[in-house]
Amino acid sequence: MDIPQSLHHFFWDVEVEKLDPEKKPYFVINRLLDKGNVEAVKWVRKNYTDKTIESAITTLRDFSPKVARFWALYLKIPEKDVVCLQQPYRKMRKMHWPY
């Protein structure tokens, strides 16, 4: 599986040609769902199972709260299972990004 050329600009900080979406699924899912557009979301949904997306949402702290909340609702993930929505992380995030 290769990341389409049209989505390469979402990976501005890595060499996309060397990025293996099968070996780094959480990184790819996070980047495309959090920073991507409709095409990126469609690509993620086509190439990863709901279970893999759910696992990324419940494991990574790097999702924005809005994005995490949307996918938690969409995939019926209890909010208490979404790491980036938990109070300790939200408190730490506000210290760095007070908005």
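Rule-based calculations on the coordinates, nothing more; no lab input. Since the model is a prediction, treat every value here as computed from it, not as a measurement.
See the values below:
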item	result
Convex hull per residue volume in Å³, alpha carbons only, for the stretch 22-96	85
Percentage relative contact order, the chain, counting C-alpha pairs under 8 Å, at least six apart	20
Under Karplus coefficients 6.51, -1.76 and 1.60, residue-wise ³J(HN,Hα) of the stretch 5-17 in Hz, glycine/proline x	3, 5, 9, 4, 5, 6, 10, 5, 9, 9, 7, 4, 4
Additional length obtainable on full extension of the chain from D13 to Y26, 0.36 nm per residue less Cα span	3.1 nm
